[in-house]
Amino acid sequence: MLALLVVLCGVLGLMVGSFLNVVIHRVPKDESIVTPRSHCPNCDTELANRDNIPVISWLVLRGKCRTCSHPISARYPIVEAITGALFAAMAARFGWDEALPAYLVFTAFLVALSGIDLDTFLLPKKLVWPSFFAGVVLLGGASLLQGDSRSAIEAAIGGALAFGVLFVIHFISPRGMGFGDVRLAAVLGLHLGWLQLGQVGVGLFLSFTLSAVVGVALIALGLKTRKDKVPFGPFLAGGTLLAVFVGQAIQRYYVDSMGF
């Protein structure tokens, strides 16, 4: 049954990833994510259903529009594949737990926000706040179904704690930490705190570590300089997702190594 759930969530993730490509492209432009239907940006031809199958259509068409042969960015199948893989991984992590829907929705928002941040260096409030309230409703519902008030309380504390930590950093260095990252931290802390309050610290540590490692690598490869801006949202998302999957193991290792 778990294998079936993983496969179903993986397929769902591929379809959601196709929609997230629309969100990433249109939300920064204040365009509707519902209409018009997906179309070629070059010849404006509306995509047929057969050309809108996640990943497969891009491979069949060899990354080109069927009508005008204009190149289609590889980012489209990449976003679809990443979303599908993450949905499957979340299903394997939570199984048939009542909290699974919350973490699937959370994952979708993280993918969309990361893509937008990479493109625009912005984390739009019109996505951050819905992700927060969706988490409150879905995690709150899971806590009620499980009769687990502890998780709900720690989720609230985790959201406030993560928000507070990044708010202090933003206050000290507003040019180094945008307020969009501060808002997003509340969403991340909410979902990590629901798992266990200690996971909030693990998630933030992993986020800053990823940022440092990738930043040094980009400078070493000559792709960035120390003065270039690098969006922090994708690192927050990456560190948080790592904490969801391996945070408890990291926390146990730290506790054991410190002799607590």
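The values are calculated or read from the model by the stated rules, or taken from the named source; none is laboratory data. Note that this is a predicted model, so its numbers are computed, not measured. Backbone-built Cβ (ideal geometry, glycine too); neighbour counts: all protein chains shown. When the accessible area is computed, the model is the full protein with side chains, heavy atoms only, and any ligands, DNA or RNA have been set aside. Shrake-Rupley method; radii C 1.70, N 1.55, O 1.52, S 1.80 Å.
Relative to the Cα centre, what is the charge dipole magnitude of the range 12-90, using +1 at the beta carbon of each Lys and Arg, -1 at the beta carbon of each Asp and Glu, and rounding to the nearest 20 debye?
Details: 8 positive and 6 negative charges, 42 e Å.
Taking the Cα centre of the range 12-90 as origin, the dipole is about 200 debye.
If I histogram all Cα-Cα distances within the range 69-152 using bins 5 Å wide from 0, what percent of pairs lands in each bin?
3, 13, 19, 19, 18, 12, 8, 4, 2, 1, 1, 0
About the Cα centre, and with charges only on the beta carbon of Lys, Arg (+1) and Asp, Glu (-1), how big is the dipole of the chain? Nearest 20 debye, please.
Value, rounded to 20: 640 debye.
Quick one: divide the alpha-carbon radius of gyration of the range 158-211 by 2.2 N^0.38 Å and tell me what you get.
1.04
Can you work out ³J(HN,Hα) from phi for every residue in the range 136-144, in order, using Karplus 6.51 cos²θ - 1.76 cosθ + 1.60 and θ = phi - 60°, giving whole Hz and x for Gly and Pro?
4, 5, 6, 6, x, x, 5, 5, 5
Which one of Gly222, Thr120, Gly158 is farthest out on the positive end of the charge dipole of the chain, using unit charges on Cβ (Lys, Arg +1; Asp, Glu -1) and the Cα centre as origin?
Sorting the options by dipole projection puts first Gly222.
Can you tell me the accessible area per residue over the range 136-260, all protein chains present, probe 1.4 angstrom, in square angstrom?
54 Å²
If I take R0 = 45 Å and measure r between the Cβ atoms of Ala249 and Ser38 in this structure, what FRET efficiency does the formula 1/(1 + (r/R0)^6) give, to the nearest 0.05?
Plugging the Cβ-Cβ distance into 1/(1 + (r/R0)^6) gives 0.65.
Taking the chain, how much of its Cα-Cα pair set, in percent, is spaced more than 29 angstrom apart?
36 percent
Can you pull the percent of the range 1-144's accessible area that's carbon plus sulfur, 1.4 Å probe, other chains left in place?
On the range 1-144, the fraction of accessible area on carbon and sulfur atoms equals 68 percent.
Sorting check: for 169-177, 21-29, 110-118, which peptide has the highest mean count of neighbouring beta carbons within 10 Å, and how do the rest follow?
110-118, 21-29, 169-177
Quick one: which residues, 5+ away or cross-chain, put their amide H under 5 Å from the amide H of His39? H built at 1.01 Å from N.
The answer is Leu47.
Counting just the Cα atoms, what span does the range 195-260 cover along each of its three principal axes? Round to the nearest Å and put the largest first.
On the principal axes, the range 195-260 reaches 42, 22, 16 Å in Cα extent.
Work out the charge dipole of the range 1-79 with +1 on the Cβ of Lys and Arg and -1 on the Cβ of Asp and Glu about the Cα centre, then indicate which of Leu2, Cys68, Val16 is farthest towards its positive end.
The Cα lying farthest towards the positive end belongs to Cys68.
Can you give the FRET efficiency for Cys68 and Asp119, using 1/(1 + (r/R0)^6), R0 = 25 Å, r = Cβ-Cβ distance, to the nearest 0.05?
0.60
Which distance in Å, rounded to a whole number, links the C-alpha centroids of the range 146-177 and the range 196-243?
17 Å
R0 = 30 Å: FRET efficiency of Leu4 with Val137, Cβ-based, nearest 0.05?
Details: r = 27 Å, r/R0 = 0.89.
Result of the calculation: an efficiency of 0.65.
Obtain the nm distance between the two label points defined at Ile172 and Thr45 by a simple spin-label model: each point lies 7 Å from its Cα along the Cα-to-C-beta direction.
5.6 nm
Go through the range 86-96 residue by residue and turn each phi into a ³J(HN,Hα) via Karplus (6.51, -1.76, 1.60, θ = phi - 60°); whole Hz please, and just put x for glycine and proline.
5, 5, 5, 5, 5, 5, 5, 6, 9, x, 8
Using the Karplus curve 6.51 cos²θ - 1.76 cosθ + 1.60 with θ = phi - 60°, what ³J(HN,Hα) values do you get for each residue of the range 193-202, in whole Hz, with x for Gly and Pro?
For the range 193-202, the Karplus-derived couplings read x, 4, 5, 4, 4, x, 5, 4, x, 4 Hz, x marking Gly and Pro.
So for Arg252, Arg62, Arg93, what's the accessible-area order with a 1.4 Å probe, most first? If you can, show how the numbers build up before the last one.
On the way: Arg252 140, Arg62 200, Arg93 70 Å².
The ranking, largest first, comes out as Arg62, Arg252, Arg93.
Using only Cα positions of the range 76-218, each an equal point scatterer, no hydration layer, compute I(q)/I(0) via Debye at q = 0.08, 0.09, 0.15, 0.19 Å⁻¹ and quote the log10 values to two decimals.
Each listed q maps to, in turn, -0.22, -0.28, -0.79, -1.25.
Under a point-charge model restricted to the Cβ atoms of Lys and Arg (+1) and Asp and Glu (-1), what is the dipole moment magnitude of the range 172-230 relative to its Cα centre, in debye to the nearest 20? Provide the component values of the computation, followed by the final result.
Numbers: 6 positive and 2 negative charges, 54 e Å.
Approximately 260 debye in magnitude.
Using just the Cα positions, wrap the range 1-99 in a convex hull and report its mean projected area in square nanometres, one decimal place.
7.2 nm²
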